[in-house]
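**Q** Before I ask anything, here is the structure I am working with.
The values are calculated or read from the model by the stated rules, or taken from the named source; none is laboratory data. Because the structure is predicted, anything quoted here is derived from the model rather than measured. So basically every Cβ, Gly included, is an ideal-geometry build from the backbone, and we count neighbours across all protein chains shown.
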Protein chains: 2
Amino acid sequence: MAVHSSPSRLQRRARPVGLVALVACAVAPLFLADPVVAGEGMWLPEQLPAVSEDLRAAGLTVDADRLADLEAPPLGAIVSLGGCSAAFVSGDGLVLTNHHCAEGALTLNSSAEENLWRDGFLAANRTDERWAGPGSRVFVTTESTDVSEAMFAARDGAADDLSRWEAMDRQEKALVAECEEGGPWRCRVAPMFNGTRYLLIRQLEIEDVRIVYAPSEGIGFYGGDEDNWRWPRHTGDFTVFRAYVGPDGVPAPHHEDNVPYRPAHHLEIGTAGVSEGDFVMVAGYPGRTFRYRTADEMRFARDVSTPWQIERMQDVLAILDARMDEDDEARVRLNSMRFGLANFEKYSRGILDGITSSGAVARSVSREQAMREALRATADARALEALDELAAVIERGQADDQRERLFSWMRWNVRMLGAAGTLWRLSGERDKADDLERDAGFQERDWPRIRERMERLDRSLDAVADQRLLAYWMAQAALLPETARIEAVDALLERFAGEDDPAEAAAHHVLSGTALTGPEARIEAFEASRASLAASDDPLIALARDLSSLEQEILERSRARAGAESRLRPVFMSVLQESAGTELYPDANGTLRVTFGQVRGYDGPDAVTYRPQTTLAGLLEKERGEAPFASPPQLLDAIRAAEPSPWHCDALGSVPVNFLSTLDTTGGNSGSATLDRNGRLVGLLFDGNYEAMASDWVFDPVRTRSIHVDVRYMLWVMDRVDGAHHVLREMGVEPSFISAPEPAPVPTRRGRRGRR
Amino acid sequence: MAVHSSPSRLQRRARPVGLVALVACAVAPLFLADPVVAGEGMWLPEQLPAVSEDLRAAGLTVDADRLADLEAPPLGAIVSLGGCSAAFVSGDGLVLTNHHCAEGALTLNSSAEENLWRDGFLAANRTDERWAGPGSRVFVTTESTDVSEAMFAARDGAADDLSRWEAMDRQEKALVAECEEGGPWRCRVAPMFNGTRYLLIRQLEIEDVRIVYAPSEGIGFYGGDEDNWRWPRHTGDFTVFRAYVGPDGVPAPHHEDNVPYRPAHHLEIGTAGVSEGDFVMVAGYPGRTFRYRTADEMRFARDVSTPWQIERMQDVLAILDARMDEDDEARVRLNSMRFGLANFEKYSRGILDGITSSGAVARSVSREQAMREALRATADARALEALDELAAVIERGQADDQRERLFSWMRWNVRMLGAAGTLWRLSGERDKADDLERDAGFQERDWPRIRERMERLDRSLDAVADQRLLAYWMAQAALLPETARIEAVDALLERFAGEDDPAEAAAHHVLSGTALTGPEARIEAFEASRASLAASDDPLIALARDLSSLEQEILERSRARAGAESRLRPVFMSVLQESAGTELYPDANGTLRVTFGQVRGYDGPDAVTYRPQTTLAGLLEKERGEAPFASPPQLLDAIRAAEPSPWHCDALGSVPVNFLSTLDTTGGNSGSATLDRNGRLVGLLFDGNYEAMASDWVFDPVRTRSIHVDVRYMLWVMDRVDGAHHVLREMGVEPSFISAPEPAPVPTRRGRRGRR
């Protein structure tokens, strides 16, 4: 059953495949492209030897076996920030990632008076480095163990699907607990190939992360939302952190006595960069893809869930924008949420557009028909039955979707409600005697992080916006069909039915009446027992409490579905695997992956060709002097000065800024190191083009492209614009700044430039 | 003095030059480009033999002498519609031009019930052809005579600049009267090279023009304002008219007895089209360029007049849009004005952007410094003095500009005020005994056209919008500086000073109180004497009368300036010519010109390359199903049917839709026939790319491109979409429609699709 169970299979020449090759074999080609040039495939490190032939053909000079080694460079230098990727670039723990991945840390360190996000930051020395905040982490993957047998044993011994989920959950927690025992580890069990295989991943967790250098918004966020998911780009989307550990070298909470972490490996900077056609690869932590979903799931995403989500996000963005226009402090606090939402809204539209215009649903339907025909031909009744049952489980989930989706958006979007819900649930889980019985995310190991979240909530909370958002979501809940109501909200709205706007009045009652404002009150509630919370008459705690029975119901339904899926999806996958007849890579799930391909442009819409590199000359041409195309004056001056620099590319007649590759990446890959054929860092992945959004469902090798900051632009900015010469030197690069005797004072405060 | 006075000079190998080469010789190169590939130059037909070497090098196979012949094909088939260009494409007078050039005629024939602009039109037979309206004309240029000596005599014999203008005006009218005598001619004296030379142009004037076929808005205006001045394009911007004359073959007013005009020449259709790199040329009537203006004039356009104009147009567009949203009939009537204004607003922004970003002002300053230095070196005191005086005259004109510009915009924009002003002025001019003393535009030859305008005014008039626009312009006039007031408006606003909105009240008083509504009342006023109009108490006639003294003052000032410029600009031109050291082409002035170059894409902004051809496949990709990207279903069906057709281009894998060329064109060129190396029609010029807007001032051969409808798209649409098979046959093209026994009924009525 397991796709990778036989070594002979792993040794077989593999090719990037996914949906593309599957369809090519089973039904009809989806896209035509040179399989070496096309970068499809988010490979597990352990799969790299199996694709070594393709790696070599694409231009890699490093040995594939060495490349697969988590404890050797370059993979040994690749880290996760939890949601973003990054890499060590110095022996003293410098971590290079995207500017947009540092958004939270920069916002946390900003106020209306001092705005690190807007104005940039350069620590004059190590003492000056700013703590990125209690939630910031650096995770270093050190080990990956196959635990399929243990998980299968739990799965296959259960009587029904809910207890199946519970048995697997217990098994998973036991494996994690054992893995984390006695060390600064963070472990997880990651299902691969839709549960065909389970890997136990162990990561070193570094808890003290500090900001060393960030360019200003006019560089790091150049192009803003307008250019997001677009090419051509001119964004200096990079930032430098440093990982700190206790004086004994072991990870410890933030403390002034902590010292820089000395990683076993860090990346060498490939100062020469790459050119069109060159081999590149990206190592990082892609979050989620859906390449092995059924046609029904794709159709539901296209016709129901994605359109609903887009409309809700547009409403929420309008609420945030109105509030951010009213108040400068609110603007700073809401910036991060707004950025994330705007990004996700655009992404959702891209998904919708891509699934629709590619005709992928119809192709998936054909693919599944072919799969069933093949099963009928071999009279595989059990597999056919499993596919039918999977379809029924999926349909059941879709019926529950609207209420569940609304509920989880409300909980995520209304920050105070989210906090109260967490506190309520925590109090119940903490009452359980056995830590393994506690829900994932609420075990002892999670308590410190929950506490941190409660402490730092205010930094990104605007009470006015929060109340408007609660009113909005309650009004949305009032529109749910009779068969899927949220009773706690109904009851609350009923209480205020006499008001002009019952939702607004109810939201005011809940959030103006709560005492959970401020970290102290929340820490108190964090420490409170379930009994005392149950007795509380705080209106917010009351709402969280009243919502908890629905939350419990939702949890149980989704767990039962997950239990069923753990049986059924592997069948779907193995049938798919058979019809593919070649090696597959697993869907992204936040684990370390490597994708490789080349620097390549693409043909855009009719009559438009996109070349793969942009330059300083192009940046100057794009410059408008107002957001989101407002570069800092120092940058414009440096371009116009046109002094010779080692980062100049003669073929382009300028310094390269961003480049395109054929690589297969997605959210979570942001900040991933882009490596050349020798494993040197030549850029940072930070975005994809418009077509890349849909690639989470359907990978189109003809037009899907990843977007990278060119290493030469980063070096040029640090050298010529921001005077970050000591950071450059620490990265092993000699500054070449020549015309001014002293670097410009940094950070430079400039006039406030509003974003749209 | 005259640039073309010596034959030897005309014989010299000439090259497209203009500002580019001038600067290249005198100061520094403006742009670098292969002079053969670059299409700069709007050549007089008589200049073509002088550029024959370049024509041959670019690929022309027709003899340049024959190409210069107005009475031979292809130039013999090229016509003007007055504002647009066109060409005869059948022996029975079919005229092919742009859809947007037929906008007025289609609107005139439309109502809320039957909308030819929106739904398209195909005459089933000749009886069914619709009269394009009293203002529609076809002009065929038959002769061009050098009258420089006569004009110079008038110019050089005058005592001062105002009488210089008057003497030249009299001379011009005498030449025109003589030229038009005894035939259906329309003549004009056209100054070339800023008055260095004068040509008397004689045109045959055909007065009865009818609509034969127009595709629907979803084809002819595909992309709408959004795509206007943009590439890539997918617009079927073409329409077919037919010219009619009296039964005796002589042009006559519209009458049912009229018969199709049989032109001496019509173009052959080049059904094979053209490909990237192929020679193309355009013959047509470009309206106006400013390539030989001074640096001061360019600076004024950049800093003062263009920004002012953009703001006013945006205000007016907002007024029109609001009104068009209110009322469907108003939408039809205002459509043409709105289209023209939106186009001009975008054009003005393009000009502003181009002049600014090209740094052309600074280069012009250098050019003029170099010119003066050369004059000082040769101690040419007279020429230096003339340049100084020209600068003073230009400065004087700029001081008067704001009031004059506002006045003429108000008169043009408020349709009823324009009509009343014309009627008032006409009554005065008609009182003059000598026709030659009458102002140009108000001579006997002009009276029938003025009468026609009065008759058809209502077709494009919306009384509500007209009143709002009058209020707007009066409010604008109230903002003029104390030194340049419009007294008649001041007096009127003073009368309503007590109202909430004096401008609105005054506009209401004038336009709700006038009796000039309807053609009968206006014809009555058209025939009325000056004395009776002077005695009228109609508030609109009163306003026109009160404004007339300012109008007279403005006329005299501008005439005195023009008199001075007629002396001084030729000096500037000849100095420019000397420093250029090579042949120049004259600025566009609405006379017949030929420009030649090649089918070529271009490099857009950083990392973007535009290829020169779009296709049906690209159209399908662009299609949104809503305006301005809403194709008619028949067209989408025909694309999807993908039946083989003679218009398919194998290299592109589809039917070509639009293409780019390096040609030098501007407003007025719209509808120009695009000809291949053999003089066959391979497309219709209909637009330029964004960079082409600024080319009226500064021609950038690297990025300036003209945009054409590919002949194969026109044929395919007529054949496969609209079933215009008899029109195709008349153009000498055999229809290839194969899959349906009968063409679809045309015009097809579809649901109303609002434009933005």
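**Q** So for the stretch A:600-616 (the condition being outside the structural domain of A:Met371 (by TED's automatic domain parsing) and in a helix (DSSP H, G or I)), does at least one residue qualify?
**A** Residues of the stretch A:600-616 outside the structural domain of A:Met371 (by TED's automatic domain parsing): A:600-616.
Right, trim to in a helix (DSSP H, G or I) and you get A:616.
Among the residues of the stretch A:600-616, at least one is outside the structural domain of A:Met371 (by TED's automatic domain parsing) and in a helix (DSSP H, G or I), which makes the answer yes.
Conditions tested, residue by residue: (1) modelled with pLDDT under 95; (2) assigned by TED's automatic domain parsing to the domain that holds B:Pro215.
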| residue | (1), (2) |
| --- | --- |
| B:Leu108 | yes, yes |
| B:Ala112 | yes, yes |
| B:Asn125 | no, yes |
| B:Val147 | no, no |
| B:Phe152 | no, no |
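**Q** Within the stretch A:567-584, is there a residue that is surrounded by fewer than 20 Cβ atoms within 10 Å (Cβ to Cβ), out of contact with any Asp or Glu (no Cβ under 8 Å at 6 or more places or on another chain) and not in a helix (DSSP H, G or I)?
**A** Yes, the stretch A:567-584 contains a residue that is surrounded by fewer than 20 Cβ atoms within 10 Å (Cβ to Cβ), out of contact with any Asp or Glu (no Cβ under 8 Å at 6 or more places or on another chain) and not in a helix (DSSP H, G or I).
**Q** Tally the residues that are more than 26 Å from A:Asp400 (Cα to Cα) and within 34 Å of the chain's Cα centre (by Cα), restricting the search to the stretch A:482-505.
**A** Here the count works out to 1.
**Q** So in the stretch B:211-225, with the set limited to residues that are away from chain A (no Cβ under 14 Å) and surrounded by fewer than 24 Cβ atoms within 10 Å (Cβ to Cβ), which one is farthest from B:Tyr347 (Cα to Cα)? First the steps, then the outcome.
**A** Of all residues in the stretch B:211-225, those away from chain A (no Cβ under 14 Å) come to B:211-221, B:224-225.
From what's left, surrounded by fewer than 24 Cβ atoms within 10 Å (Cβ to Cβ): B:224-225.
Values: B:Gly224: 14, B:Asp225: 11 Å.
Filtering first and then ranking leaves B:Gly224.
**Q** While we're on this one: Would you confirm whether any residue within the stretch A:302-313 is touching a residue at least 60 places away in the same chain (Cβ under 8 Å), within 21 Å of the chain's Cα centre (by Cα) and in a loop (DSSP other than H, G, I, E, B)?
**A** no
**Q** What residue, of A:Asp225, A:Asp237, is farther than 30 Å from A:Arg567 by Cβ and assigned to a loop (DSSP other than H, G, I, E, B)?
**A** On the way: A:Asp225 fails: assigned to a loop (DSSP other than H, G, I, E, B).
Of the residues listed, the single one that is farther than 30 Å from A:Arg567 by Cβ and assigned to a loop (DSSP other than H, G, I, E, B) is A:Asp237.
**Q** Six or more apart or on different chains, Cβ under 8 Å: which pairs go from a residue in the stretch A:355-374 that's surrounded by fewer than 16 Cβ atoms within 10 Å (Cβ to Cβ) to one that's not in a helix (DSSP H, G or I)? Could you list them?
**A** So the pair list comes out as A:Ser366/A:Val27; A:Ser366/A:Ala28.
**Q** Right, something else. Just one of the numbered conditions (1) within 14 Å of chain B (Cβ to nearest Cβ); (2) in contact with a strand residue (DSSP E or B) (Cβ under 8 Å, 6 or more places away or on another chain) is not true of A:Val594; which one?
**A** If we test A:Val594 against (1) within 14 Å of chain B (Cβ to nearest Cβ); (2) in contact with a strand residue (DSSP E or B) (Cβ under 8 Å, 6 or more places away or on another chain), just (1) comes out false.
**Q** Among (1) crowded, with 24+ Cβ neighbours inside 10 Å; (2) more than 14 Å from every other protein chain (Cβ to nearest Cβ), which single condition is A:Phe659 missing?
**A** (2)
**Q** Moving on. Hey, does the stretch A:287-296 have a residue that's crowded, with 21+ Cβ neighbours inside 10 Å, closer than 27 Å to A:Leu60 by Cα and modelled with pLDDT of 95 or more?
**A** Taking every residue of the stretch A:287-296 in turn, at least one turns out to be crowded, with 21+ Cβ neighbours inside 10 Å, closer than 27 Å to A:Leu60 by Cα and modelled with pLDDT of 95 or more.
**Q** Can you tell me which residue in the stretch B:403-416 is nearest to the chain's Cα centre (by Cα), limited to those that are surrounded by 15 or more Cβ atoms within 10 Å (Cβ to Cβ) and within 17 Å of B:Leu555 (Cβ to Cβ)?
**A** Only one residue tops the list, namely B:Trp409.
**Q** Does any residue of the stretch A:644-651 turn out to be more than 16 Å from A:Val274 (Cβ to Cβ), of a type in the set (S, T, N, Q), buried (at least 24 other Cβ atoms within 10 Å of the Cβ) and out of contact with any Leu (no Cβ under 6 Å at 6 or more places or on another chain)? Break it down stepwise before answering.
**A** Within the stretch A:644-651, the first condition is being more than 16 Å from A:Val274 (Cβ to Cβ), and the residues that meet it are A:644-645.
This time we only want the ones that are of a type in the set (S, T, N, Q), so: A:645.
Narrowing further to those that are buried (at least 24 other Cβ atoms within 10 Å of the Cβ): none.
Checking the stretch A:644-651: not a single residue is more than 16 Å from A:Val274 (Cβ to Cβ), of a type in the set (S, T, N, Q), buried (at least 24 other Cβ atoms within 10 Å of the Cβ) and out of contact with any Leu (no Cβ under 6 Å at 6 or more places or on another chain).
**Q** Could you tell me whether A:Ala383 is hydrophobic (A, V, I, L, M, F, W, C) and under 30 Å from B:Lys622 (Cα atoms)? First the steps, then the outcome.
**A** On the way: hydrophobic (A, V, I, L, M, F, W, C): yes; under 30 Å from B:Lys622 (Cα atoms): no.
Answer is no for this residue.
**Q** Please go through the stretch B:228-242 and pick out each residue that is under 20 Å from the mean Cα position of the chain (by Cα) and at pLDDT 95 or above. Before you say what the answer is, go through the steps one by one.
**A** From the stretch B:228-242, those under 20 Å from the mean Cα position of the chain (by Cα) are B:228-230, B:235-241; that's our starting set.
Once the filter is applied, which keeps residues that are under 20 Å from the mean Cα position of the chain (by Cα) and at pLDDT 95 or above, the stretch B:228-242 yields B:Thr235, B:Gly236, B:Asp237, B:Phe238, B:Thr239, B:Val240, B:Phe241.
**Q** Residues in the stretch A:679-702: is at least one out of contact with any strand residue (DSSP E or B) (no Cβ under 8 Å at 6 or more places or on another chain) and at pLDDT 95 or above?
**A** yes
**Q** Among the residues of the stretch B:80-93, which ones are touching a helix residue (DSSP H, G or I) at 6+ places or on another chain (Cβ under 6 Å) and surrounded by 24 or more Cβ atoms within 10 Å (Cβ to Cβ)? Lay out the reasoning, then the answer.
**A** Residues of the stretch B:80-93 that are touching a helix residue (DSSP H, G or I) at 6+ places or on another chain (Cβ under 6 Å), as a first pass: B:87-88, B:90.
Hits for the stretch B:80-93 are B:Ala87, B:Phe88.
**Q** From B:Thr235, B:Thr196, B:Thr239, which residue is crowded, with 20+ Cβ neighbours inside 10 Å, within 14 Å of another protein chain (Cβ to nearest Cβ) and β-branched (Val, Ile, Thr)?
**A** Working: B:Thr196 fails: within 14 Å of another protein chain (Cβ to nearest Cβ); B:Thr239 fails: within 14 Å of another protein chain (Cβ to nearest Cβ).
Going through B:Thr235, B:Thr196, B:Thr239 in turn, the sole match is B:Thr235.
**Q** Separate question: If we scan the stretch A:140-157, do we find a residue that is of a type in the set (Gly, Ala, Ser), in contact with a Phe, Trp or Tyr (Cβ under 7 Å, 6 or more places away or on another chain) and over 30 Å from A:Glu730 (Cβ atoms)? Explain how you work it out, then say what you get.
**A** Let us first name the residues in the stretch A:140-157 that are of a type in the set (Gly, Ala, Ser), namely A:144, A:148, A:150, A:153-154, A:157.
Remaining after also requiring in contact with a Phe, Trp or Tyr (Cβ under 7 Å, 6 or more places away or on another chain): A:148.
Of the ones still in play, those that are also over 30 Å from A:Glu730 (Cβ atoms) are A:148.
Among the residues of the stretch A:140-157, at least one is of a type in the set (Gly, Ala, Ser), in contact with a Phe, Trp or Tyr (Cβ under 7 Å, 6 or more places away or on another chain) and over 30 Å from A:Glu730 (Cβ atoms), which makes the answer yes.
**Q** Then there is this: Consider A:Pro251 carefully, then state whether it is assigned to a loop (DSSP other than H, G, I, E, B), more than 14 Å from chain B (Cβ to nearest Cβ), under 24 Å from A:Lys173 (Cβ atoms) and touching a residue at least 12 places away in the same chain (Cβ under 8 Å). Don't jump to the end; show me each part of the working.
**A** Values: assigned to a loop (DSSP other than H, G, I, E, B): yes; more than 14 Å from chain B (Cβ to nearest Cβ): yes; under 24 Å from A:Lys173 (Cβ atoms): yes; touching a residue at least 12 places away in the same chain (Cβ under 8 Å): yes.
Against the criterion (assigned to a loop (DSSP other than H, G, I, E, B), more than 14 Å from chain B (Cβ to nearest Cβ), under 24 Å from A:Lys173 (Cβ atoms) and touching a residue at least 12 places away in the same chain (Cβ under 8 Å)), A:Pro251 qualifies.
**Q** Of everything in the stretch A:610-644 that's within 16 Å of A:Met714 (Cα to Cα) and touching a helix residue (DSSP H, G or I) at 6+ places or on another chain (Cβ under 6 Å), which residue is farthest from the other protein chains (Cβ to nearest Cβ)?
**A** Checked the stretch A:610-644; the qualifying residue farthest from the other protein chains (Cβ to nearest Cβ) is A:Gln634.
**Q** Go through (1) surrounded by fewer than 23 Cβ atoms within 10 Å (Cβ to Cβ); (2) within 14 Å of another protein chain (Cβ to nearest Cβ) one by one and return the number of the condition B:Val245 breaks.
**A** (2)
**Q** Could you tell me which of the residues A:Asp65, A:Asp69 is closer than 27 Å to A:Pro260 by Cα and among the charged types (D, E, K, R)? Give the steps one after another, and end with the answer.
**A** Numbers: A:Asp65 fails: closer than 27 Å to A:Pro260 by Cα.
Going through A:Asp65, A:Asp69 in turn, just one is closer than 27 Å to A:Pro260 by Cα and among the charged types (D, E, K, R): A:Asp69.
**Q** Answer yes or no: is there a residue in the stretch A:461-473 that is free of Cβ contacts under 8 Å to residues at least 40 places away in the same chain and either within 20 Å of A:Leu540 (Cα to Cα) or assigned to a helix (DSSP H, G or I) (or both).
**A** Quick first cut of the stretch A:461-473, residues free of Cβ contacts under 8 Å to residues at least 40 places away in the same chain only: A:471.
Keeping just the survivors that are either within 20 Å of A:Leu540 (Cα to Cα) or assigned to a helix (DSSP H, G or I) (or both) gives A:471.
Yes; the residues of the stretch A:461-473 include at least one that is free of Cβ contacts under 8 Å to residues at least 40 places away in the same chain and either within 20 Å of A:Leu540 (Cα to Cα) or assigned to a helix (DSSP H, G or I) (or both).
**Q** Quick one: which residue in A:Glu429, A:Glu395 is in a helix (DSSP H, G or I) and either over 26 Å from A:Ser305 (Cβ atoms) or not acidic (Asp, Glu) (or both)? Give the steps one after another, and end with the answer.
**A** Numbers: A:Glu395 fails: either over 26 Å from A:Ser305 (Cβ atoms) or not acidic (Asp, Glu) (or both).
Going through A:Glu429, A:Glu395 in turn, the sole match is A:Glu429.
**Q** Now, a different point. Give the stretch A:523-548 a look and list any residue that's part of a helix (DSSP H, G or I) and among the small types (Gly, Ala, Ser), or say none.
**A** A:Ala525, A:Ala531, A:Ser532, A:Ala534, A:Ala535, A:Ala542, A:Ala544, A:Ser548
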